[in-house]
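Accompanying notes for the structure given below.
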Amino acid sequence: GWASADPAVPAEPLLRFRSLAARSRGARGGAGAETQVGNDLGSPEPLRWLLRSPFDRNVPVQLELQELLLDHVFQRLGVASQGCVDHPIVLTEAVCNPLYSRQMMSELLFECYQVPKVSYGVDSLYSFYHNRRQNWPCSGLVISSGYQCTHVLPVLEGRLDAKNCKRINLGGCQAAVYLQRLLQLKYPGHFAAITLSRMEEILHEHSYIAEDYIEELQKWRSPEYYENNMHKMQLPFSNKLLGSTLTSEEKQERRQQQLRRLQELNARRREEKLQLDQERLDRLLYVQELLEDGQMDQFHKALVELNMDSAEELQSYINKLSLSVEQTKQKILQAEVNIEVDVVDSKPETPDLDPLGSEQSLEDVESINEFEPLFAEEQPEVEKPVAAVQPVFNLAEYHQLFLGTERIRAPEIVFQPSLIGEDQAGIAETMQYVLERYPKEQQAILVQNVFLTGGNTMYPGLKARVQKELLEMRPFQSSFQVHLASSPVLDAWYGARDWAVEYMTREEGWITRKDYEEKGGEYLKEHCASNVYVPIRLPKQAPRTAEALAPSRVLTSSTGNPCEQA
């Protein structure tokens, strides 16, 4: 969206989409591959194996896809400048973002889009900046949990203490995958219908964080508690019955259509065979005319081409082909007669024809009877009224998911990563580890403002769970406060907008094109919501003096015993 002090410019994000792209393989007719970005994808499930993202976890690594996303953004926002983007850019980046990633992003913005200046910040710190209130301390402990990872960030005197930041490689994506595995094991009959998109919907609408996980599991063992708190989710299904509802007339008509198609197929094959045999017969008759006209040289050449040795062998082939052509013509004529016969039973009646015609008709009947088992199951013996087939069970209930303990098991992984086999610490242990790295005075300052932000912190009960964990780890009668962001998903954008409006005319935090050309793409100007800039320091090599080179000259010039050289 846009950041401007003008009240006419909307203060809300104008474009929201996932950072995903999918490139189709192109049609067979010659159409080129088509790339779809963000909301143009529609449902991601049919394209799940074609989806690509520029991010590895939360760090952009594929700048080609990032360029596609930026093109999509600038086009949808209506950037009208030609050949460049003549607007300052405020962009979020990961905590302790690698210098190479920032360098590639700066190169893309300054070289490809010709932006005048850019500022980088951390999304959770922008959210912290947006939610600051009067009498709020400038210090605090920010807990940010997103789609791919969770961070615990200490903020002292309004600046990030990057040395003591900690990251947990768990977020909403891992919770959705874990919930998908749980339900697929519980309902193996609906394996394909339990998709990641539906699991994310369940996480957002039905899951919650238990204040005490073990105690909550004990509650779910009660049948009354299960009935009162279990949620049902209806999967899509079709009401089409498994039994056949065709009448006897419809079955008879379908059988006749299949027989007609079979006869047409045989007639087409006979015509093709007749055409090939007629062409070969004409060729052989032409060679025989050469013999009758006395053109012996051309006759012998033609015999060699036909792989024949004598005129007798040629005459034998001509007689066989003539007989085959006549028989095929008779079959075609007989098939045309049979098509006019009204087929009532699967065995058609044989018409009264001459002896040769009768033989051909019987052959046709036998060829059709070979395919009779294909249609035998559809032959009604006696016409009976077809009753509607009643299902033996309720299809709607069969396609329902019952959500019990899965409601608390999936989001619990951010507190207990061992549930999915991850050898990591949870949020509570990580908070305690970060706090213990400070003296007691600073610990007391940090816990006075524990701030929760990010899309994965929207579970009901998360704030109470964090308060319980802090109560267990803090000293007796010590105070602490836990705050939840007003809009955990969008507060990062609102904070970036607030910062951009406030610092629009200042130089603090903005990287200009001159800074990019002089100091490199990895350069960062720090501000209240940014990372800490740590420049690259290459160790200087000590100069090689003559004294240092002297032993090398002695070793290379010695010609004595190898042991003496050593």
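Filtering Tyr438, Tyr459, Tyr433 for residues that are at negative phi, part of a helix (DSSP H, G or I) and among the aromatic types (Phe, Trp, Tyr) leaves a single hit, Tyr433. Exactly one of (1) closer than 27 Å to Ala3 by Cα; (2) touching a residue at least 40 places away in the same chain (Cβ under 8 Å) is unmet by Glu45. Its number? Of everything listed in (1) closer than 27 Å to Ala3 by Cα; (2) touching a residue at least 40 places away in the same chain (Cβ under 8 Å), Glu45 misses just condition (1).
Within region 319-341, is even one residue at pLDDT below 85 and among the hydroxyl-bearing types (Ser, Thr, Tyr)? No - not one qualifying residue is present in region 319-341. The C-beta contact set for region 150-176 (first residue of a type in the set (Gly, Ala, Ser), second residue open to solvent by 30 Å² or more (accessible area, probe 1.4 Å) and not in a helix (DSSP H, G or I), distance under 7 angstrom, 6+ apart or interchain) comprises Gly158/Cys138; Gly158/Cys528; Ala162/Cys96; Ala162/Val532; Gly171/Tyr147; Gly171/Gln148; Gly172/Tyr147. Which condition breaks for Ser106 when tested against (1) in contact with a Gly (Cβ under 6 Å, 6 or more places away or on another chain); (2) within 22 Å of Gly454 (Cα to Cα); (3) not in a loop (DSSP other than H, G, I, E, B)? (2) is the only condition that Ser106 fails.
Residues that are open to solvent by 30 Å² or more (accessible area, probe 1.4 Å), of a type in the set (D, E, K, R) and farther than 21 Å from Pro488 by Cα number at least 3 in none of the strands (runs of 3 or more DSSP E) confined to region 125-222.
Regarding Glu508, is this residue more than 37 Å from the chain's Cα centre (by Cα), part of a loop (DSSP other than H, G, I, E, B) and of a type in the set (Asp, Glu)? If you could, list the steps in order and put the result at the bottom.
On the way: more than 37 Å from the chain's Cα centre (by Cα): yes; part of a loop (DSSP other than H, G, I, E, B): yes; of a type in the set (Asp, Glu): yes.
In short, yes.
The residues of region 503-519 that are within 18 Å of Ala5 (Cβ to Cβ) and either open to solvent by less than 100 Å² (accessible area, probe 1.4 Å) or touching an Asp or Glu at 6+ places or on another chain (Cβ under 9 Å) (or both), listed by number, are Tyr503, Met504, Glu508, Gly509, Trp510.
With the requirement that a residue be touching a strand residue (DSSP E or B) at 6+ places or on another chain (Cβ under 8 Å) and part of a loop (DSSP other than H, G, I, E, B), what does region 402-430 give you? Step through it out loud before you land on a result.
Here is the first cut: in region 402-430, the residues touching a strand residue (DSSP E or B) at 6+ places or on another chain (Cβ under 8 Å) are 402-403, 407, 414, 417, 424-427, 430.
Gln424, Ala425, Gly426 - these are the residues of region 402-430 that are touching a strand residue (DSSP E or B) at 6+ places or on another chain (Cβ under 8 Å) and part of a loop (DSSP other than H, G, I, E, B).
Would a scan of region 81-93 turn up a residue that is aliphatic (A, V, I, L, M) and either exposed (fewer than 14 other Cβ atoms within 10 Å of the Cβ) or within 25 Å of the chain's Cα centre (by Cα) (or both)? No, the conditions are met nowhere in region 81-93. Could you tell me whether Thr247 is out of contact with any helix residue (DSSP H, G or I) (no Cβ under 7 Å at 6 or more places or on another chain), among the β-branched types (Val, Ile, Thr), over 30 Å from Ser316 (Cα atoms) and touching a residue at least 24 places away in the same chain (Cβ under 8 Å)? Yes: the conditions hold for Thr247.
Filtering region 244-291 to residues that are open to solvent by 30 Å² or more (accessible area, probe 1.4 Å) and among the small types (Gly, Ala, Ser) leaves only Ser244. When region 455-494 is limited to residues that are in contact with an Asp or Glu (Cβ under 7 Å, 6 or more places away or on another chain) and surrounded by fewer than 20 Cβ atoms within 10 Å (Cβ to Cβ), the one that is nearest to Ala175 (Cα to Cα) turns out to be Gly461. Applying the condition of being part of a helix (DSSP H, G or I) and not charged (D, E, K, R) to region 223-232 and asking which residue is most open to solvent (accessible area, probe 1.4 Å) yields Asn228.
Of all residues assigned to region 215-228, none qualifies as being more than 37 Å from the chain's Cα centre (by Cα), closer than 30 Å to Ser322 by Cα and not aliphatic (A, V, I, L, M).
The values are calculated or read from the model by the stated rules, or taken from the named source; none is laboratory data. Since we're looking at a predicted model, the values are computed, not measured. Methodologically, a virtual Cβ is constructed for each residue, glycine included, from the backbone with ideal geometry; neighbour enumeration extends over all protein chains shown. Keep in mind that these areas ignore ligands, DNA and RNA; they rest on the heavy atoms of the full protein, side chains included. Shrake-Rupley method; radii C 1.70, N 1.55, O 1.52, S 1.80 Å.
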